[in-house]
1. In debye to the nearest 20, how big a dipole does the range 8-135 give about its Cα centre with +1 on each Lys and Arg Cβ and -1 on each Asp and Glu Cβ?
2. Find which of Phe79, Trp69, Val57 sits farthest along the positive direction of the dipole of the range 8-135, computed with +1 on the beta-carbon of Lys and Arg, -1 on that of Asp and Glu, about the Cα centre.
3. With θ set to phi - 60° and the Karplus curve 6.51 cos²θ - 1.76 cosθ + 1.60, what are the ³J(HN,Hα) couplings of the range 78-92 in order, to the nearest whole Hz, using x for Gly and Pro?
4. Give the order of Ile21, Ile120, Ile35 when sorted by the count of other beta carbons within 10 angstrom, beginning with the fewest.
5. Give the whole-number value, in cubic angstrom per residue, of the convex hull volume spanned by the C-alpha atoms of the range 1-107.
6. Figure the gain on full extension for Phe113 and Ala68 (residue separation times 0.36 nm, minus the Cα-Cα span) and round it to one decimal in nm.
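Throughout, read-outs are computed from the coordinates displayed, never taken from laboratory work. On a predicted model such as this, the values are computed, not experimentally measured, just so you know. Positions of Cβ are generated from backbone atoms using ideal geometry, with glycine treated the same way; all protein chains shown enter the neighbour counts.
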Amino acid sequence: MATRSSLATGVGRVLIAVYGILALAATGRSVVQIIEKFSFAPFAYTLSAVAAVVYIVAMIALIAPGRAWYRVACVTIGFEMAGVLVVGTLSLLDRQLFPDDTVWSYYGLGYVFAPLVLPIAGLWWLRKHHRAAVAEPVRATAPAGE
């Protein structure tokens, strides 16, 4: 029987909710951008779609219990942090690279900097729960009939 993830308690629930909201917002934004005007800024719109996938995977990884999902959350949220920093910096330095905004442009300015703050909070939360997630025993399945 699976147990609830220790990551989905307290502040973790707020993080999961915010990841869910950003997943919906980024998915909606990227779908509209790609359908309506992909040729205008294909790189920017593809990055918005990547951000949407990252938010969806991070949300699932924070909800799902187990060591493997903890690792997925760490990798996904780490990637998100790097993406926000790289895209945010590039959007300031090279406007031609981003003729239209992405979710991570200007460090998430269009989303009230939530894309910048969220991975910091997520990485802090994961670090705070590192021991509990790593110490969780690996469950072996018993053969049928035992």
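1. On the way: 9 positive and 5 negative charges, 122 e Å.
That gives the range 8-135 a dipole magnitude of about 580 debye.
2. Trp69
3. My calculation for the range 78-92 gives x, 4, 4, 4, 4, x, 4, 5, 5, 5, x, 5, 4, 5, 7 Hz in order.
4. Values: Ile21 15, Ile120 12, Ile35 9.
Listing Ile21, Ile120, Ile35 from fewest to most nearby Cβ atoms yields Ile35, Ile120, Ile21.
5. Working: hull volume 9.6 nm³, N = 107.
Taking the convex hull of the Cα positions in the range 1-107, it is 90 Å³ per residue.
6. Working: separation 45, 0.36 × 45 = 16.20 nm, distance 2.91 nm.
Separation in residues times 0.36 nm, less the Cα-Cα distance, equals 13.3 nm.
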